[in-house]
């Protein structure tokens with residue numbers, strides 16, 4: 001997956017146009033983050049030039065320097081078993097467009113789909129607010 005940063009995406013109408021164009025081109029949209037001007041697309045980084053071109057044709061500018069490859073991470077800490085901490089964790093994931101893909105037995109933990117930058121920010125948040 002890639003997190004595509006779109007410089008001039010500002011409203012729900014933009015989101016509809018972008019979704020329509022990318023889906024017409026065969027891409028699957030995972031999530032939009034309107035606060036961060038990003039769209040999470042289920043494809044690899046090699047598709048970024050094509051996505052940039054597709055969105056250029058409808059008037060949207062992709063910032064390729066801020067667009068990031070999304071990787072799979074497995075994260076676990078015992079304190080997340082407490083319901084209050086788990087709620088903070090899942091709220092953070094939702095607010096920052098981090099996909100919770102399930103739970104893994106080996107390696108043990110929550111399977112997350114996110115960029116390296118967002119994953120580090122999540123770990124910092126949990127360390128500051130959850131892990132004692």
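Bear in mind that the values in this text are calculations on the coordinates, not laboratory data. Fair warning: this is a prediction, and the values are worked out from it, not measured in the lab. Here the Cβ is made from the backbone with ideal geometry for all residues, glycine too, and neighbour counts use every protein chain on show.
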(request) Just grab the label-to-label distance for residue 31 and residue 7, each label 7 Å out from Cα along the Cβ direction, in nm (one decimal). (result) 2.6
(request) Determine which residues of the range 16-48 fall in the zone a paramagnetic label at residue 72 would reach in this model, i.e. backbone nitrogen under 16 Å from the point 7 Å along Cα→Cβ. (result) 42-45
(message) For 56, 3, which order do you get if you count the other beta carbons within 10 Å of each Cβ and list the fewest first?
(response) 56, 3
(message) Could you work out the pair-distance distribution P(r) of the range 2-68 from its alpha-carbon pairs, with 10 angstrom bin width and percents rounded to whole numbers?
(response) 23, 67, 10
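Compute the relative contact order of the range 7-115 as a whole-number percentage, counting only Cα pairs closer than 8 Å that sit 6 or more residues apart in sequence. Working shown, then result.
Values: 123 pairs, mean separation 24.8, N = 109.
RCO, the range 7-115: 23 percent.
Sorted by average packing, counted as other Cβ atoms within 10 angstrom per residue and highest first, what order do 73-79, 108-114 take?
Details: 73-79: 14.7, 108-114: 17.7.
Listed from highest to lowest mean packing, they are 108-114, 73-79.
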(message) Compute the helix-to-body angle for 116-129: its Cα long axis versus the longest principal axis of the chain, expressed 0 to 90° and rounded to tens.
(response) 40
(request) Please give the helix 83-95 orientation as an angle from the longest Cα principal axis of the chain, in degrees from 0 to 90, rounded to the nearest 10. (result) 10
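So what's the range 42-97 giving for Cα Rg divided by 2.2 N^0.38 Å, two decimals?
1.67
Arrange the following residues from fewest to most other Cβ atoms within 10 Å of their Cβ: 103, 125, 32, 89.
Numbers: 103 11, 125 15, 32 19, 89 22.
Ascending number of Cβ neighbours within 10 Å: 103, 125, 32, 89.
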(message) Explain nothing, just the number: relative contact order of the range 6-60, from Cα pairs under 8 Å at least 6 residues apart, as a whole percent.
(response) 38
(request) Largest first and to the nearest Å, give the Cα extent of the range 71-129 along each principal axis. (result) 26, 24, 17
(request) Run through every distinct alpha carbon pair of the chain and return the Kirkwood hydrodynamic radius in angstroms, one decimal place. (result) 15.7
